[in-house]
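> Input: one structure, supplied below.
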Amino acid sequence: KKNVLIIGAGGVAQVVAHKCAQNNDVLGDITIASRTLEKCEAIVASVREKNALKVDGKLEAHALDAMDVEATKALITKTGAQIVINVGSPFLNMSVMSACIETGAAYIDTAIHEDPMKICETPPWYANYEWKRREECEKAGVTAILGAGFDPGVVNAYAKLAYDEYFDKIESIDIVDINAGDHGRYFATNFDPEINFREFTGQVWTWQNNEWTSNKMFEVGKEWDLPVVGKRKAYLTGHDEVHSLSHILKVPTVRFWMGFGDHYINVFTVLKNLGLLSEQPVLTAEGQEVIPLKVVKAVLPDPGSLAPDYTGKTCIGDLVKGVKDGKEREVFIYNVADHKEAFEEVGSQGISYTAGVPAVAAAMLIATGEWDVKKMANVEELPAQPFLGLLNKIGLPTRIKDENGDRALEF
Ligand code: NDP
């Protein structure tokens, strides 16, 4: 058993807390810490309401500014946390990682570190922050698992599985993320609008034919025909896992495609062209200084409020092409998740569910020792089977579609 400290109290943290509670025979005492204590307390209450704790154990809420390394270290020590699941905003990664390295606790996150002042980093993104600390982790014997959500995260494990089991040589990996859900609002983002829009205002970096290629957002689109969600258009998008997979698995082409409807693109384009997605302050005629992006965020629905009415499914997977036994082949390894089922189980929508469940699976594998590697690792550096096998059991089953049909994968 290993005690867990969850950092953040947003949609993903809500899922992580529920799943840790459902598995607290492997994980031990659970602490949820974020900037706003009331949000942590609401998560604790929601876990208790569903009677989610598998066995008797501690479940506590704490206020914490996770940018404060000393305060984070003190909380790790006080709670006896041996694993920290960082699902706060991506600006916190480096501070939380410092606290883990200095206390010896294992570290897990679900997104790459971001500097609030930089809109687009030079690739490979991990080299700008996390990978600079690889040696430090190894010296301290600290397990740090990077990007253990769905994408990045599970899609990296799908790539690793394909690499180990299904191909002698991989030519390309196309990760496709389709949210065919409907929240019923005119316009909303599925997570923090500031983070969401940042993803689409910078350059789109992809790894094609062994070199970094840059495009503009919504410049390259393609219609996909995927299981369950059917025909959907997705656009080449910059994403964390392109930066680690290209480097670690040394595949010539790695691309990420995200599905968008025309309505989302129209609204986004108007907001962007008007300057309403800018982080630079502007002065109103009355002499008031406002940051347009903050105003847009304030008027949009709170992403958490979308969950109760969200219906429909997500389909996220890796289309992998290459050669096996001298023959060209392609496989699509994927998961389908359901927004309503996620809400009924843990009180969050499907996007938060797909991100939070894998982080808990990673924590469980650290607790059992299978992933307790005592160094920094991206998911594709770790054995995929134990991770995907556990996900089959705890809510995110893997399927495969290839020349032998479409079927569930058992591990
Ligand atoms: P939210 O914006 O809903 O939550 C972020 C949380 O971080 C908030 O509770 C916020 O606290 C907290 N926080 C921010 N600053 C601090 C601080 N200084 N100290 C302590 N807490 C702080 O995000 P989500 O739950 O939607 O996402 C969480 C993470 O998961 C993000 O990094 C996101 O990028 C990642 N993600 C990964 C996915 C994947 O598949 N890999 C998919 C979706 C998300 P407060 O509310 O009090 O302000």
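> Is it the case that the stretch 364-379 has a residue that's within 13 Å of the ligand (Cβ to nearest atom), more than 18 Å from A17 (Cβ to Cβ), outside any strand (DSSP E or B) and touching a residue at least 60 places away in the same chain (Cβ under 8 Å)?
Yes: the stretch 364-379 contains one or more residues that are within 13 Å of the ligand (Cβ to nearest atom), more than 18 Å from A17 (Cβ to Cβ), outside any strand (DSSP E or B) and touching a residue at least 60 places away in the same chain (Cβ under 8 Å).
> Can I ask one more? Could you check, for the stretch 22-31, whether at least one of its residues is within 16 Å of the ligand (Cβ to nearest atom) and in a helix (DSSP H, G or I)?
no
> Separate question: Output the qualifying pairs, or none if there are none: Cβ atoms under 6 angstrom, residues six or more apart or on different chains, first residue in the stretch 116-144 and over 25 Å from E370 (Cα atoms), second residue in a loop (DSSP other than H, G, I, E, B) and of a type in the set (K, R).
From residues that are over 25 Å from E370 (Cα atoms), there are no pairs.
> Can you confirm whether the stretch 380-403 contains a residue that is surrounded by fewer than 17 Cβ atoms within 10 Å (Cβ to Cβ), at positive phi and basic (K, R)?
Checking the stretch 380-403: not a single residue is surrounded by fewer than 17 Cβ atoms within 10 Å (Cβ to Cβ), at positive phi and basic (K, R).
> Among the listed residues K231, K216, identify the single one that is more than 22 Å from A157 (Cα to Cα), modelled with pLDDT of 95 or more and surrounded by fewer than 23 Cβ atoms within 10 Å (Cβ to Cβ).
Going through K231, K216 in turn, the sole match is K231.
> Would you point out the residue of the stretch 20-34, among those that are touching a Leu at 6+ places or on another chain (Cβ under 9 Å) and not β-branched (V, I, T), that is nearest to G80 (Cα to Cα)?
Taking the candidates together, the pick is D29.
> So, one more: Just checking, which of V296, V270 is within 16 Å of the ligand (Cβ to nearest atom) and in a helix (DSSP H, G or I)?
Residue meeting the stated conditions: V296.
> Still on this model: Check off (1) touching a Leu at 6+ places or on another chain (Cβ under 7 Å); (2) of a type outside the set (A, V, I, L, M, F, W, C); (3) more than 16 Å from H239 (Cα to Cα); (4) more than 10 Å from the ligand (Cβ to nearest atom) for G184 and give me the number that stays unchecked.
Failed condition: (1).
> Now, a different point. Say we look at the stretch 65-76 and pick out the residues that are buried (at least 22 other Cβ atoms within 10 Å of the Cβ) and near the ligand (Cβ under 9 Å from one of its atoms); which of these is farthest from G8 (Cα to Cα)?
Per the criteria, the residue is T72.
> Looking at (1) more than 14 Å from C20 (Cα to Cα); (2) of a type outside the set (F, W, Y); (3) under 18 Å from the mean Cα position of the chain (by Cα); (4) not in a strand (DSSP E or B), find the lone condition where Q385 falls short.
The failed condition is (3).
> Tell me the residue from A342, A337 that is within 30 Å of A42 (Cβ to Cβ), at pLDDT 95 or above and in contact with a Leu (Cβ under 8 Å, 6 or more places away or on another chain), please.
A337
> Let me ask you something else. Only residues that are in contact with an Asp or Glu (Cβ under 7 Å, 6 or more places away or on another chain), farther than 14 Å from L391 by Cα and more than 8 Å from the ligand (Cβ to nearest atom): list them for the stretch 137-155, please.
Passing the criteria: T143, L146.
> Any residue that is more than 22 Å from the chain's Cα centre (by Cα) and modelled with pLDDT of 95 or more - is there at least one of those in the stretch 143-162?
Looking through the stretch 143-162, none of the residues is more than 22 Å from the chain's Cα centre (by Cα) and modelled with pLDDT of 95 or more.
> Name the residues in the stretch 96-120 that are more than 8 Å from the ligand (Cβ to nearest atom) and among the polar types (S, T, N, Q), would you?
S98, T103
> Still on this structure, please answer the following. It is to be established whether one or more residues within the stretch 162-176 are at negative phi, within 16 Å of the ligand (Cβ to nearest atom) and of a type in the set (A, V, I, L, M).
Yes, because at least one residue in the stretch 162-176 is at negative phi, within 16 Å of the ligand (Cβ to nearest atom) and of a type in the set (A, V, I, L, M).
> Okay, next question. Give the residue, chosen from E60, E49, that is free of Cβ contacts under 8 Å to residues at least 12 places away in the same chain, surrounded by fewer than 17 Cβ atoms within 10 Å (Cβ to Cβ) and either within 16 Å of the ligand (Cβ to nearest atom) or not polar (S, T, N, Q) (or both).
E49
> Does I43 qualify as being under 18 Å from V12 (Cβ atoms), within 19 Å of the chain's Cα centre (by Cα) and either within 16 Å of the ligand (Cβ to nearest atom) or among the aromatic types (F, W, Y) (or both)?
For I43, the condition - under 18 Å from V12 (Cβ atoms), within 19 Å of the chain's Cα centre (by Cα) and either within 16 Å of the ligand (Cβ to nearest atom) or among the aromatic types (F, W, Y) (or both) - is not met.
The values are calculated or read from the model by the stated rules, or taken from the named source; none is laboratory data. Because the structure is a prediction, the values reported are computed rather than measured. When we count neighbours, we look across all protein chains shown, and the Cβ atoms used for this are built from the backbone with ideal geometry, even at glycine.
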